[in-house]
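The values are calculated or read from the model by the stated rules, or taken from the named source; none is laboratory data. Please read these numbers as outputs of a predicted model, since none were measured by experiment. Ideal geometry is used to build each Cβ from the backbone, glycine not excepted, and the neighbour counts take in all protein chains shown.
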Amino acid sequence: MHPRAGDQGPFLHGTVVVGRASAPSVAPEAGRALRPANTPRIDPTAYAEAVLAVAELIPEGRVLTYGDIAELLECGGPRQVGRALSRSTRDVPWWRVLRAGGHPPRGLALPARFRYDEEGTPLSVPSGSADPGDYRVDLPSARWWPAPVEQGRIADLGASLRRAGP
């Protein structure tokens, strides 16, 4: 169970830069992007595959946020997870990965709503709203967190990303 859903302790143990570097904390080198000296660079393709693998584990009617996936992988952040999902051509359950407020990916509220209704995902709809795009997923009810065995597999994925950095 996720810590925000009542389980113990945080899962985020550090930040690893995916793709482009973060704010500099080392002396500039000619023409190269900067990142903290102890932060490995992660292969964006391998990161995308890891994100997609986690998305495929989410059961019907349940969801994770972009940040949840980054936290589980102990790698990257919500933007990197979103980028990996948006650029993928692989058939994954993209609608099960949400923004932090429980909203589906931007511009995809209606196709996602169809999927949520089909899977029985708990939604929060403002009273009196007739707009099918005016909703969000009820995160406290719908958020999934992997069982220990799945957490181990996901942790292994994240660790392999950090080891394989160029």
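Do we have residue 116 as among the aromatic types (Phe, Trp, Tyr), within 19 Å of residue 161 (Cβ to Cβ), modelled with pLDDT of 95 or more and surrounded by 18 or more Cβ atoms within 10 Å (Cβ to Cβ) here? Judged against the criteria, residue 116 is not a match. Using the structure shown, decide if residue 60 is among the acidic types (Asp, Glu) and at pLDDT below 95. No; evaluated as a whole, the condition is false for this residue. Residues in the range 65-86 include none that are over 29 Å from residue 45 (Cβ atoms), at pLDDT 95 or above and surrounded by 18 or more Cβ atoms within 10 Å (Cβ to Cβ). Restricting to the range 134-152, name every residue that is exposed (fewer than 14 other Cβ atoms within 10 Å of the Cβ) and either out of contact with any helix residue (DSSP H, G or I) (no Cβ under 8 Å at 6 or more places or on another chain) or part of a loop (DSSP other than H, G, I, E, B) (or both). Within the range 134-152, 134, 147, 148, 149, 152 qualify. Has the range 112-119 got at least one residue that is under 26 Å from residue 42 (Cα atoms), aromatic (Phe, Trp, Tyr) and touching a residue at least 12 places away in the same chain (Cβ under 8 Å)? Scanning the range 112-119, I find no residue that is under 26 Å from residue 42 (Cα atoms), aromatic (Phe, Trp, Tyr) and touching a residue at least 12 places away in the same chain (Cβ under 8 Å), so the answer is no.
When residue 118 is tested against (1) closer than 22 Å to residue 154 by Cα; (2) part of a helix (DSSP H, G or I); (3) out of contact with any Leu (no Cβ under 6 Å at 6 or more places or on another chain), just one condition goes unmet, and that condition is (1).
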